[in-house]
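Read through the structure below, which is laid out as structure tokens, and then see the notes.
Every read-out reported here was derived from the displayed coordinates using simple, explicitly stated rules and does not represent laboratory data. Quantities reported herein were computed from a predicted structural model and do not represent experimental measurements. Positions of Cβ are backbone-derived with ideal geometry, glycine not excepted, and every protein chain shown enters the neighbour counts.
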Amino acid sequence: MSDPSDGETPLTPPGPPEPRAIDTARRLWANPQIRYPLLVLVYLLAIGSVFNASLASLRGPLESLSAWTAASVHVFLRVFTEATTLRGHLVTFDGFAVSIIIECVGLLEMLIYSACVLAFPAPIRTRATGVVLGCVAIFVFNLLRIVTLLLVGRYQNDYFDFFHVYFWQATLIAMIVGVLYGWIRIFVRR
Amino acid sequence: MKRAVPVLLGFVLITVALTWFWEEGGRLHYGRFLKSVAPPIYDAIGFGDARVGAFRQRYINWVPFAGLMLVTPGLAWRQRVGGLAGGLFLLFVGHLALNLTERVHEAAQLPFVPSLVSDALPFLLWILFAWPVVSIWFASALAESGQPAHDPSGPDDPNAPGDPS
């Protein structure tokens, strides 16, 4: 240990040194590249946990949402064709039927998107607007997704699983990124 | 907006190509790879009886990540390749972790929160690894909406994403 009085400059300022772990955590948190994804993750865990915990009480509204999604798909198709029917959650197009269950209404996408908006540095009202309008936009995109699936199922049945299970799951991120970017461009004000 | 169209088209094309590759054998090979690699890792961390493959439908989350990293314009090659390698490795770690969540949630359906995180992971990793570009997109979006553009890549920027104030 050197004595400052011998002419050398002390390497650390006086006072107790900060624990290295806290210092590292602070530096990481100060970096938006780390902070934003971490905040999204925190919001995602919070929203997901609350949603999961209240799933039993939400069963009714969620059932209504999937029925409403099915009805919206039916109404959309009716603009172009008469060859569509609706029975509860079941929509058919020219003989090809899909059942709209709760996993089909874009809920995961909406929750992920909401976490991204809530973690963004914007006024709370702007974030609230972003969550509501963005979820509506995702709902509309999801309608187009289901209509596409009906068309694929009717005309290219072999590719139905490919589009249903894999392709659309992979592109859900594009939907979230697109809606998030649109929200930032249109609504975010400092 | 015009710049976004080719990027979006590129993303769709790459996603379709990668999904086709995944469907045509990629997922089988990955499943075999995971089955040979995962058990020793689970053994080493004390979860020897963990089941591999319970979440196999979720393993496809590497596709949107790779798509985003490949189409993001303006990323240097080193950032792109390094980001892809780092992100794919973290997704692999995520798959290993995802299988473990089955142990604490023994329902017939996949646990909700882990599935949510798994689906969001490609987006979060893309933000992390493509930050030089993503930060500019965020800043330019703010600028185009009537605000001055800032470079939020610096840690001291008050407009940088992540500051919820």
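Across peptide A:34-44, the mean count of Cβ atoms from other chains lying within 10 Å of each residue's own Cβ comes to 6.
Quick note on region A:139-178: its Rg to Rh ratio, both from C-alpha atoms and Rh being the Kirkwood radius, is 0.99. Legend: mean number of C-beta atoms from other chains within 10 angstrom of residue C-beta atoms, peptide A:122-133, equals 1. To the nearest 10 degrees, how steeply does helix A:20-30 sit against the main Cα axis of chain A, on a 0 to 90 scale? On a 0 to 90 degree scale, this one is about 50. How high is the relative contact order of chain A, in percent, counting Cα pairs under 8 Å that sit 6 or more residues apart? Averaging sequence separation for qualifying contacts and normalising by length gives 19 percent for chain A.
Among the GluC sites (Glu not before Pro) in region A:73-171, those located in a DSSP loop and surrounded by at most 15 other Cβ atoms within 10 Å of their own Cβ are A:Glu82.
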